[in-house]
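Presented below is the structure to which this report refers.
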Amino acid sequence: MIETKAAVLNAVNEPLDLAVIQVDEPEPLEVRVAVTHVGLCHSDLHYMSGTVPIDLPAVLGHEVAGVVESVGSSVSGLQPGDRVVGALTPSCGRCTNCEAGRSTQCQRVAEIRQRPRPAFQFADGRPIERLGAIGGFSQHILMRENALVKVADDVPLHVGCLLSCCITTGVGAVFRGVRMRPGSTAAVIGCGGVGSAIIQGARLAGASAIVAIDLDEARLKAARSYGATHVVNGGADDVVAQVREQLGDGVDYAFEAVGSARTASTALAVVRPTGTACLVGIAPAGTELSVPALDFFFEEKRLIGSYMGSGQARQDIAQFARLYQQGQLLLDEMVTQVIPLREINEGFEAMKSGDVTRVVVDLQS
């Protein structure tokens with residue numbers, strides 16, 4: 001067991017507290033990672049505000065990159081010194097969903113995440129929960145070998161961490177979730193980190209038109225740099241009418257990256273008959289949707305969800321890293337700020353600004 005520094009959530013709607021915690025030794029299939037960088041994700045805010053429940057105290061954070069420090073006795077594919085990016089969804093590889101290529105929906109994930117002792121605890125022995133069995137706001141974490149992906153030296157870890165969640169979720173929703181056809185049209189509602197990744201995914205998939213929809217003009221401007229061909233301010237009187245004015249009877253695919261019932265309804269409304277609306281943003285617990293049934297009957301629209309890219313996270317992370325190396329996937333441009341761990345609460349405050357796409361925390365500074 002080692003001591004390390006972490007940002008701990010002790011109470012909802014309160015700032016994270018910096019504390020010294022203890023990290024257990026790796027189990028046979030686990031790897032201890034010295035975290036170098038972690039991205040701040042809006043899903044973390046759901047837990048901080050209590051809109052999505054988690055046992056407290058807890059260490060949040062899941063968009064991680066770092067360096068392997070030690071490995072369990074049964075680990076064979078990684079060794080100390082390897083640079084890695086983490087995946088939120090470890091998989092068993094044997095259940096129905098894993099065998100169908102949908103590891104993000106592994107039916108045994110809860111079982112896989114169990115371990116005989118707490119991974120994190122305070123010096124007095126009190127256990128600390130980890131978001132997603134990761135707890136990335138800690139300078140050291142434990143993850144299973146099959147939830148880590150080795151990355152090349154020319155993928156800087158301060159941008160590589162985005163591959164862990166933001167990019168996998170957004171680009172994956174395009175390629176794995178809706179399986180976008182080249183030449184299609186798309187709308188992206190919410191142009192923060194994940195929305196920007198969706199826009200890039202649509203560009204890479206060969207979309208002929210991409211409409212970015214957001215309340216913030218700064219984000220709409222940034223959306224064009226990622227590949228948006230049209231922009232619509234979400235505060236307009238009739239967003240659906242504006243999209244149709246620009247693209248006829250609507251779009252082939254609409255992606256909701258906000259996490260609200262209102263924007264989910266907009267996503268369904270802006271797709272044309274036979275189109276697909278894809279919900280990517282995490283809505284607060286208890287959120288319910290009300291949708292017009294006739295949209296499905298007469299117009300054959302589809303409404304689907306996409307979690308963590310709807311695919312094989314480890315394979316996708318490796319492929320997206322290659323796209324970055326080739327200059328096709330923009331990651332450096334998405335990192336607005338890199339801040340030290342002591343400023344993590346200020347980083348979450350900065351996320352409210354439209355000038356911010358992604359804030360990354362340097363755990364070693």
Would you mention how many residues in region 191-218 are within 24 Å of Ala321 (Cα to Cα) and within 20 Å of the chain's Cα centre (by Cα)? 15
Which one is farthest from Phe175 (Cα to Cα), of the residues in region 259-300 that are open to solvent by 60 Å² or more (accessible area, probe 1.4 Å) and small (Gly, Ala, Ser)? Gly286
Report whether or not Val71 is at pLDDT 90 or above and open to solvent by 50 Å² or more (accessible area, probe 1.4 Å). yes
Given the criterion in a loop (DSSP other than H, G, I, E, B) and within 30 Å of Arg94 (Cα to Cα), identify the matching residue among Gly286, Gly281. Gly281
Select from region 108-123 the residues that are surrounded by fewer than 17 Cβ atoms within 10 Å (Cβ to Cβ) and of a type in the set (A, V, I, L, M, F, W, C) and write down the one among them that is modelled with the lowest pLDDT. Ala110
Within region 39-58, count every residue that is surrounded by fewer than 18 Cβ atoms within 10 Å (Cβ to Cβ) and farther than 18 Å from Ala285 by Cα. 0
In region 356-365, what residues are closer than 14 Å to Gly195 by Cα and at pLDDT below 85? Val356
Out of region 96-107, which residues are part of a loop (DSSP other than H, G, I, E, B), without any contact (Cβ under 8 Å) to a residue 40 or more places away in the chain, open to solvent by 20 Å² or more (accessible area, probe 1.4 Å) and not small (Gly, Ala, Ser)? Gln107
Checking Met143 against (1) over 20 Å from Thr276 (Cβ atoms); (2) in contact with a helix residue (DSSP H, G or I) (Cβ under 6 Å, 6 or more places away or on another chain); (3) part of a strand (DSSP E or B); (4) of a type outside the set (S, T, N, Q): exactly one of these is not met. Which one? (2)
Which of the following residues is open to solvent by 30 Å² or more (accessible area, probe 1.4 Å) and either at positive phi or of a type in the set (D, E, K, R) (or both): Gly61, Gly77, Gly93? Gly93
Would you say Thr51 is in a strand (DSSP E or B) and under 20 Å from the mean Cα position of the chain (by Cα)? no
Of Glu99, Glu129, which residue is acidic (Asp, Glu) and within 19 Å of Gln315 (Cα to Cα)? Glu99
Mind checking which pairs have a first residue in region 108-123 that is touching a residue at least 60 places away in the same chain (Cβ under 8 Å) and a second that is crowded, with 17+ Cβ neighbours inside 10 Å and of a type in the set (D, E, K, R), Cβ under 7 Å, 6 or more apart or different chains? Arg115/Glu27; Arg117/Asp24; Pro118/Asp24; Ala119/Asp24; Ala119/Arg130; Phe120/Arg130
For region 319-350, give me each residue that is out of contact with any strand residue (DSSP E or B) (no Cβ under 7 Å at 6 or more places or on another chain) and not in a helix (DSSP H, G or I). Gln326, Gly327, Gln328, Leu329, Leu330, Leu331
Subset tally (residues that are farther than 13 Å from Ala123 by Cβ, open to solvent by less than 60 Å² (accessible area, probe 1.4 Å) and among the hydrophobic types (A, V, I, L, M, F, W, C)) for region 9-35: 7
Evaluate region 61-75: report whether one residue or more is in contact with a Phe, Trp or Tyr (Cβ under 8 Å, 6 or more places away or on another chain) and either touching a residue at least 12 places away in the same chain (Cβ under 8 Å) or outside any loop (DSSP other than H, G, I, E, B) (or both). yes
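The values are calculated or read from the model by the stated rules, or taken from the named source; none is laboratory data. Worth saying up front: this structure is predicted, and the values here are computed from it rather than measured. Positions of Cβ are generated from backbone atoms using ideal geometry, with glycine treated the same way; all protein chains shown enter the neighbour counts. Surface accessibility is based on the protein's heavy atoms, side chains included, excluding ligands, DNA and RNA. Shrake-Rupley method; radii C 1.70, N 1.55, O 1.52, S 1.80 Å.
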